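Here's the structure, in structure tokens; my notes come after.
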Amino acid sequence: MSSLVCANNAGAQDHDHHDKDPFSNGEPHGGAGDGIKLTDQGKTAIGIEVRNAERRALPGRIVTTGKLESIPTQEYVQHAPIAGRVEQVFVQPGQYVQPGQTLLSLSSPELQQLGAQLLQEKTQIEAEVTAKKAELDGDVSQAQTQRDLSETTYKRELQLFEERIGSQKSMQQAKAELELALNRLTVAKQKRQAALNALRTRLSINVDSLRQRLRQLGVSDVNIAKMLSNRNGITSVPVRTVRGGLVTELTASAGQSIEPANPLVKVSNLTTLWATANIYESDMSKVRLGQPISVRIGAFPKQQFAGRITFISSEVDPTTRTLPVKVEVINKGSKIKPGMFAELSLQTSEPVYSITLPRDAVIADKGHYLAYVQEGNEYKPTFVEIGNSLGDEIEIRSGITAGQKVVVRGAFQLDAQRLKSIGDTALFTHPTEEGHEEHEHEEGKSTNNQLLSPQLLILVSIAFVLGAVITAMIQKRHPFMVAPTKAKLEPKVPDTEKRS
């Protein structure tokens, strides 16, 4: 289950812990060793700067961890359209494809049978059309000949009648025979046309049904027309994607036998993702649909991604007393991937009051954190519990009280002296900027307070500069060693405040 930090209640909870035991959860507390004394010359050499700790109003927020996943409605799985064998695969996982792009090609006995059946149906019906047309053309030709004879006879009888040589009866009989011949010719033509239309309709129905089946399998009209024209069967069919996106799964390989139910390629649109998280029951009133969310990913510590709540479950988990929510995250630049974990920050209307310190004031020490508090002429290392990251500042939840004088510049050099005094020569860092490498050091026991001599201060300063140069060289050679510091600087929640 995602861990939850409610910044709205953090201030009040921390205040109560100060009155009792601020580290009742087992965290180290109080002093982290003997104080370090500096002369005025030493303070100037190191550049010590101190400021009074004070509480200030911070924007209240709920912080939870979620896991990124693809949005189901933005995923498209291409199944095998027909049983057969994969001939060739044209895409690879991680490749972006456009709608209509060919993913692979298939060969199939069923495809070949459909092509052969289409050719056979077309050839057979066309042969019937040819034969029927020849037969009916003979009837039409005979009717045409009879009409021509009747027309010639009628014209002769009409002329004889007009010249008063022939009788009117002969002329009328010839006219009747001509009209009969014309009717027979018209009937013959209509009969021929009807028969041919019937055959063509049959051809169209049979061929179009097969043609449509081939289209459904991915055969284009161009290839169908080419097959019918060249009378060559279709041996393979391209499989195209309907949607564009990223190829996230590829299960097909060349030579593989497949069935229609087999998934071949999954194409996902990752321009937006879901982050699924859990909100505690006590925070339900602060969450609403459409609420903007700030999202941070460990792999990109310096970048924020925008999101909004698109789903709030209608049921609370009876075991964890949490409410599942889904946040739609805009994947700017397609950098983030499904399966990554994200920190989701939801700002609320209620402010909290808490102490904050610059990052340079807080030193990372074996998974814990400490700051230096000035007491008179001494600077005492004190364990602190950090909270939310606030840009160049860090929320301090316990260990420092308002009014205490805290070293905000020079803490790193002071810690170098502390480590030297206890005989620890391991590397160490402090959380200055996100992305700086953090090195752990072995814990030792402090022996006694020491007064820094000018010569020792010079050595410490040289060691600090040399360490910074070495760190910069390491980061330049190994730029991917940056991320762990960010993870170690994430807010830690005392066990008493954690709810699983």
G403 being part of a loop (DSSP other than H, G, I, E, B) and surrounded by fewer than 21 Cβ atoms within 10 Å (Cβ to Cβ):
yes
Can you name every residue in the stretch 270-298 that is exposed (fewer than 13 other Cβ atoms within 10 Å of the Cβ) and either in contact with a His (Cβ under 6 Å, 6 or more places away or on another chain) or of a type in the set (G, A, S) (or both)?
S285, G290
Scanning the stretch 296-327 residue by residue, the ones that are in a strand (DSSP E or B) and of a type in the set (S, T, N, Q) total 4
Hits in the stretch 328-348 (condition: touching a helix residue (DSSP H, G or I) at 6+ places or on another chain (Cβ under 8 Å) and either at pLDDT 90 or above or in a loop (DSSP other than H, G, I, E, B) (or both))
T348
When only residues in the stretch 276-312 that are under 21 Å from the mean Cα position of the chain (by Cα) and of a type in the set (D, E, K, R) count, which is nearest to G66 (Cα to Cα)?
R296
Keeping to the stretch 152-167, report how many residues are crowded, with 16+ Cβ neighbours inside 10 Å and not aromatic (F, W, Y).
4
Could you pull out every one of the strands (runs of 3 or more DSSP E) wholly within the stretch 220-295 that has 3 or more residues that are modelled with pLDDT of 90 or more?
245-250, 263-268, 272-280
Quick one: how many residues across the stretch 42-83 are assigned to a strand (DSSP E or B) and closer than 25 Å to I258 by Cβ?
5
Among A176, A181, which is exposed (fewer than 13 other Cβ atoms within 10 Å of the Cβ), in the same structural domain as T201 (by TED's automatic domain parsing) and without any contact (Cβ under 8 Å) to a residue 60 or more places away in the chain?
A176
Determine if the stretch 345-353 includes at least one residue that is more than 20 Å from the chain's Cα centre (by Cα) and under 30 Å from G410 (Cα atoms).
yes
Of all the residues that make up the stretch 377-394, how many are at pLDDT 85 or above and farther than 30 Å from L346 by Cβ?
5
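The values are calculated or read from the model by the stated rules, or taken from the named source; none is laboratory data. Model, not experiment: these values are computed from the prediction. Neighbour counts are summed over all protein chains in view; Cβ atoms, including those assigned to glycine, are modelled from backbone coordinates with ideal geometry.
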